[in-house]
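First comes the structure, then the notes that go with it.
The values are calculated or read from the model by the stated rules, or taken from the named source; none is laboratory data. Note that the coordinates shown come from a computational prediction; the quantities given were computed from them, not determined experimentally. Every residue, glycine among them, receives a Cβ derived from its backbone with ideal geometry; neighbour counts consider all protein chains shown.
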Amino acid sequence: AELWQDVPLAPPDSIFQLTAAYKADTFPQKVNLGVGAYRDDNNKPWILPVVKKATSILLNDETLDHEYLPITGLADFTSAAAKLILGADSPAIKEGRTVSVQTISGTGANHLGALFLSRFYKFNGTPKVYLSNPTWANHHAIFRNVGIEPVDYAYYDPKTIGLDLNGFIEALNNAPERSVFLLHACAHNPTGVDPTQEQWKEIAKVIAAKKHYSFFDCAYQGFASGDLDKDAWAVRYFVAQGLPLLVCQSFAKNAGLYGERVGALHVVSADQETANRVKSQLSVLQRSEISNPPSHGARLVSLILNNPELFEEWKRDIQTMAGRIIEMRKELHRLLTEELHTPGNWDHIVNQIGMFSFTGISPKQSKELVEKSHVYLTGNGRISMAGLNSKNIRYFASELDKVVQ
Ligand code: PLP
């Protein structure tokens with residue numbers, strides 16, 4: 001018998017499929033709102049000017065070679081990355097109790113964090129992780145891959161197209177003590193709905209009372225508000241409260257380094273001695289998985305984070321991206337409410353944050369947009385704001401209006 005005859009055919013990745021359909025479409029006004037990557041006003045990928053500059057510095061650096069990085073990655077990169085998310089004056093860094101490991105972007109950080117938990121976290125019975133409903137689809141697969149069962153917690157309220165804070169708090173209260181909760185640090189994917197600072201404080205209070213573990217995923221620092229510190233607020237607040245946590249960090253979006261796979265996992269521990277033991281085990285896990293992380297992207301980000309001039313330039317580039325997205329939110333809101341008088345309340349478009357927005361339209365309406373309007377979006381009504389620009393936003397608004405009318 002043929003060796004692989006029992007291997008079932010897996011369904012194609014739905015986003016991948018959507019992109020393929022968009023590419024094959026010959027309609028001139030087609031719009032791709034499925035894309036999870038930044039596009040400029042001409043719908044083109046954007047190489048950040050600061051990344052261009054850093055690339056040319058690296059190219060001319062005669063001291064660099066292609067030797068292996070250490071198992072835990074480029075130390076200048078991981079230490080600067082920790083300061084970026086936790087804050088330069090973070091007690092967790094000063095006290096030497098933060099372990100930082102370079103990973104294969106945010107996905108790799110999620111995987112390594114999940115793998116570490118699967119080996120060493122003292123679960124109450126079956127290993128489980130609580131994931132927001134909905135969440136980035138890959139979270140389910142990443143945790144399942146290491147034998148941790150995903151469980152949903154209430155997060156999004158379709159009635160308000162906003163946060164279901166009561167449901168969230170109830171889930172935190174109902175979960176057994178020391179449960180693991182995955183939290184989106186900012187710019188929640190796919191909804192664009194983030195807790196306010198006051199709401200985060202309420203969430204943190206219950207997490208502390210129930211001794212839960214916070215597994216932060218931070219894929220969009222700077223991308224939400226345009227301000228790196230503001231977007232790190234929740235993580236820093238949790239650290240200040242002394243809550244046990246780890247953070248998965250990606251530089252795919254905020255540095256436009258998608259394909260370079262630059263990321264880090266930061267585990268904040270109780271003390272330095274614990275951190276050393278955690279680090280030793282993360283090194284063992286990393287060794288068997290990838291041996292050593294890739295060097296190029298880490299060198300680029302290290303240069304940008306450690307050089308004050310480049311760092312300032314990067315912050316401006318981030319504002320360019322976040323600013324354009326915020327502009328698109330405002331313009332879409334204006335078109336729907338003031339020009340088209342589309343039925344319903346569209347305030348969520350401007351209240352949501354980051355690359356993605358839950359429009360609140362039904363799967364049927366989403367399908368109609370794809371099939372009749374050549375506007376490509378996922379069935380859950382999520383749109384990528386980065387796919388909108390000054391040339392296509394009017395067309396999109398009027399097509400959206402049509403399916404809603
Ligand atoms: N986590 C979330 C919530 C994301 O949306 C993404 C990317 O879409 C990632 C993690 C990881 O992305 P990457 O592996 O490209 O850094």
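Conditions tested, residue by residue: (1) farther than 29 Å from residue 54 by Cα; (2) among the aromatic types (Phe, Trp, Tyr).
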| site | (1), (2) |
| --- | --- |
| 225 | no, no |
| 254 | no, no |
| 258 | no, yes |
| 280 | yes, no |
| 316 | no, no |
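How do the pairs read when you match residues in region 228-255 that are outside any loop (DSSP other than H, G, I, E, B) with residues anywhere that are more than 16 Å from the ligand (Cβ to nearest atom) and hydroxyl-bearing (Ser, Thr, Tyr), using Cβ under 6 Å and keeping only pairs 6 or more apart or on different chains?
Qualifying pairs under 6 Å: 231/225.
Which is at pLDDT below 95 and touching a helix residue (DSSP H, G or I) at 6+ places or on another chain (Cβ under 6 Å), of 87, 34, 96?
Result: 34 is the single residue among 87, 34, 96 that is at pLDDT below 95 and touching a helix residue (DSSP H, G or I) at 6+ places or on another chain (Cβ under 6 Å).
Can you say whether residue 65 is within 26 Å of residue 291 (Cα to Cα) and more than 23 Å from the chain's Cα centre (by Cα), as far as the supplied structure shows? Don't jump to the end; show me each part of the working.
Numbers: within 26 Å of residue 291 (Cα to Cα): yes; more than 23 Å from the chain's Cα centre (by Cα): yes.
Considered against the rule, which asks whether it is within 26 Å of residue 291 (Cα to Cα) and more than 23 Å from the chain's Cα centre (by Cα), residue 65 comes out as yes.
Show the residue pairs meeting these rules: Cβ distance below 6 Å; 6+ apart or different chains; first residue within region 263-289 and over 22 Å from residue 76 (Cβ atoms); second residue within 16 Å of the ligand (Cβ to nearest atom) and in a helix (DSSP H, G or I).
Note: pairs meeting the criteria are 285/115.
Among (1) closer than 30 Å to residue 145 by Cα; (2) aromatic (Phe, Trp, Tyr); (3) more than 21 Å from the chain's Cα centre (by Cα), which single condition is residue 27 missing?
Unmet condition: (1).
Among the residues of region 195-212, which ones are in contact with a helix residue (DSSP H, G or I) (Cβ under 8 Å, 6 or more places away or on another chain) and either within 16 Å of the ligand (Cβ to nearest atom) or over 22 Å from residue 347 (Cβ atoms) (or both)?
If we filter region 195-212 for residues that are in contact with a helix residue (DSSP H, G or I) (Cβ under 8 Å, 6 or more places away or on another chain), which is where we start, we get 195, 197, 199-204, 206-207, 210, 212.
Result: 195, 201, 202, 203, 204, 206, 207, 210, 212.
How many of the residues making up region 15-56 are assigned to a helix (DSSP H, G or I), closer than 25 Å to residue 306 by Cα and not charged (D, E, K, R)? Working first, answer last.
Initial filter on region 15-56 (assigned to a helix (DSSP H, G or I)): 15-24, 49-56.
Checking which are closer than 25 Å to residue 306 by Cα leaves us with 49-56.
With not charged (D, E, K, R) added as a condition, the list becomes 49-51, 54-56.
Summing the residues that are assigned to a helix (DSSP H, G or I), closer than 25 Å to residue 306 by Cα and not charged (D, E, K, R) in region 15-56 gives 6.
Are there any strands (runs of 3 or more DSSP E) wholly within region 85-185 with 2 or more residues that are buried (at least 18 other Cβ atoms within 10 Å of the Cβ), within 16 Å of the ligand (Cβ to nearest atom) and not basic (Lys, Arg), and if so which? Explain how you work it out, then say what you get.
Working: elements: 98-104, 128-133, 149-154, 180-184.
In region 85-185, the matching strands (runs of 3 or more DSSP E) lie at 98-104, 128-133, 180-184.
Anything in region 367-405 that is small (Gly, Ala, Ser) and in contact with a strand residue (DSSP E or B) (Cβ under 7 Å, 6 or more places away or on another chain)? List them, or say none.
The first filter runs over region 367-405 and keeps only residues small (Gly, Ala, Ser), leaving 373, 379, 381, 384, 386-387, 390, 397-398.
Passing the criteria: 381, 384, 387.
Name the single residue that is surrounded by the fewest Cβ atoms within 10 Å (Cβ to Cβ) among those in region 233-259 being in contact with a Pro (Cβ under 9 Å, 6 or more places away or on another chain) and of a type in the set (A, V, I, L, M).
240
So, in region 187-213, exactly how many residues are surrounded by 15 or more Cβ atoms within 10 Å (Cβ to Cβ), in a loop (DSSP other than H, G, I, E, B) and either at positive phi or of a type in the set (Asp, Glu) (or both)?
Qualifying residue count, region 187-213: 3.
If you scan region 255-270, which residues turn out to be of a type outside the set (D, E, K, R) and within 10 Å of the ligand (Cβ to nearest atom)?
Start the filter on region 255-270 by keeping residues that are of a type outside the set (D, E, K, R), which leaves 255-259, 262-270.
The answer is 257, 258, 259, 262, 263.
Checking residue 357 against (1) outside any loop (DSSP other than H, G, I, E, B); (2) surrounded by fewer than 16 Cβ atoms within 10 Å (Cβ to Cβ); (3) in contact with a helix residue (DSSP H, G or I) (Cβ under 9 Å, 6 or more places away or on another chain), which single condition isn't satisfied?
Exception for residue 357: condition (2).
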